[in-house]
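The values are calculated or read from the model by the stated rules, or taken from the named source; none is laboratory data. None of these values were measured; they are calculated from a predicted model. Glycine gets a Cβ as well: all are built from the backbone with ideal geometry, and neighbour counts include every protein chain shown.
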Amino acid sequence: MSKIDSSTQPTYHNSSTRVCIASLVGTTIEFFDFYIYATAAVLVFPHLFFPIDSDSAATLKSLVVFAVAFIARPIGAALFGHLGDRIGRKSTLVIALLLMGLSTVCIGLLPTYAQIGIAAPFLLALCRFGQGLGLGGEWGGAILLATENAPANKRAWYGMFPQLGIPLGFILATLFFILLGTVMSNQAFLQWGWRIPFISSALLVLLGLYIRISLHETPAFQQLLHAEKKVNVPLKDVFTKHGKTLFLGTMASICTFVLFYIVSVFALNWGTTALGYARSDFLKIQLLSTFFFAAFIPLSAMVSEKYGRKYTYMAICIMTASFAIALPYFFIAGHIITVTIFLCIGLSIMGCTCGPMGTILSEMFPTSVRYTGSGLACTLAAILGASIAPFTATSLAQNFGLSAVSYYLVAASAISFVAFIFIKETKDTDLNHSS
């Protein structure tokens, strides 16, 4: 039988509104689930899931389990990337969302250390691993859902919608904890109130599934299917044919992760312990600053659309290093206005780093391995950056002061800046190329 001409095959298109909503809603849900854990890892889990030798030791143990998800994320990226590059973006995104949602609900149902002893932190780590697997598969697929459906001159704009889900998920998670802290006592919150956001995330997952199931495959993947150019083992091709691209993409993303987890998880922990701010007050500051995070994502996307991805991001790395140097002078006790300014500036820069990043990584890889390659680059950067950032920053601050945290963030900025020197501009890349 003769091979069917791919040019005769119909390509189904999704409406731009549905694409943007589907990519935004999915990542919002995923990051809501992820951040309620991050918040609870500082405020709740040290008291409930670990033997309390000391408050600082329990917190560090909790942050170690927090890091488990970042180890799981590249495994999720490889697993779901394989599915996404073989069976399609749509089906893979549905499975990833289900896994993330199930893991999060299970955390809300776990017995504590007082109830089952040492099994409690192990079960917590297992659920955290499931969260990491799901998010590892979610992010890359959501970015491709947006960019592979976008017009060529609007890819950064479309690609910023999944990224916008990051601060929106953070805002929802923080609002949830602020609300719980307002309507119940601290004792009730620690006993059972903290479980509410984890269990209620099931409703958000159902909403995300409803929106995504009605989508068509992306045009780029449809063309890949019609041309019969799928790769048998995408992970192998990424490492053997696109290893340099994977390395550069990973290094380029490190600045984003280190910055965010210093101004979110580390800041929350240090601010409510060493600096002495009340939990409710600090969460409100973080909530306010996260709106700046959200506002600067579309702004940086528009700048990268006009001036290109490479030089936009290199400028952002310089901004991040400058901010890092100022950290010890702004993040201080007894000056809540100064701390608010510090977090607003930090998360504004985070918005700048986040806006074009997903688009950049998707443009660096061909269609046949794009899900795997972009997802792996992001999740490997998460291991090197985010997974150890709260623990490393806390240890540095405890032993050497906040200036050491500054040097840590400057080093991360320098690594990403140097990586972009070797990355070619991707603004005009054709996303329909398959190899």
Result of the Cβ filter at 7 Å on the stretch 88-112, keeping first residues that are in contact (Cβ under 8 Å) with a residue 12 or more places away in the chain and partners that are among the hydroxyl-bearing types (Ser, Thr, Tyr) and not in a loop (DSSP other than H, G, I, E, B), at least 6 apart or interchain, is 89/371; 101/201; 104/201; 105/201; 107/37
Cβ pairs under 8 Å, 6+ apart or interchain, first in the stretch 151-173 and modelled with pLDDT of 85 or more and in a helix (DSSP H, G or I), second of a type in the set (Lys, Arg) and crowded, with 22+ Cβ neighbours inside 10 Å, ordered by first then second residue, are 156/309
Considering the stretch 275-319, residues that are among the small types (Gly, Ala, Ser) and in a helix (DSSP H, G or I), and then whichever is surrounded by the most Cβ atoms within 10 Å (Cβ to Cβ), we arrive at 301
Given the condition surrounded by fewer than 23 Cβ atoms within 10 Å (Cβ to Cβ), among the polar types (S, T, N, Q) and in contact with a helix residue (DSSP H, G or I) (Cβ under 8 Å, 6 or more places away or on another chain), answer yes or no: does some residue in the stretch 150-164 qualify?
yes
Please work out if residue 372 is in contact (Cβ under 8 Å) with a residue 12 or more places away in the chain, closer than 21 Å to residue 132 by Cα, assigned to a helix (DSSP H, G or I) and β-branched (Val, Ile, Thr).
yes
Screening 201, 185, 214 for residues that are in contact (Cβ under 8 Å) with a residue 24 or more places away in the chain and either surrounded by fewer than 19 Cβ atoms within 10 Å (Cβ to Cβ) or of a type in the set (Lys, Arg) (or both) leaves only 214
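Residue-by-condition table, conditions (1) closer than 28 Å to residue 31 by Cα; (2) crowded, with 19+ Cβ neighbours inside 10 Å; (3) touching a His at 6+ places or on another chain (Cβ under 9 Å):
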residue: 350; (1), (2), (3): yes, yes, no
residue: 366; (1), (2), (3): yes, yes, yes
residue: 395; (1), (2), (3): yes, no, no
residue: 398; (1), (2), (3): no, no, no
residue: 418; (1), (2), (3): no, no, no
residue: 425; (1), (2), (3): no, no, no
Just one listed residue, out of 21, 71, is over 24 Å from residue 171 (Cα atoms), part of a helix (DSSP H, G or I), at pLDDT 75 or above and among the β-branched types (Val, Ile, Thr), and it is 71
Practice prompt. Tell me, yes or no, whether the stretch 320-340 has at least one residue that is surrounded by 24 or more Cβ atoms within 10 Å (Cβ to Cβ), at pLDDT below 90 and either under 18 Å from residue 269 (Cβ atoms) or within 23 Å of the chain's Cα centre (by Cα) (or both).
Written response: yes
Checking 181, 141, 208 in turn, the sole residue that is modelled with pLDDT of 85 or more and in a helix (DSSP H, G or I) turns out to be 141
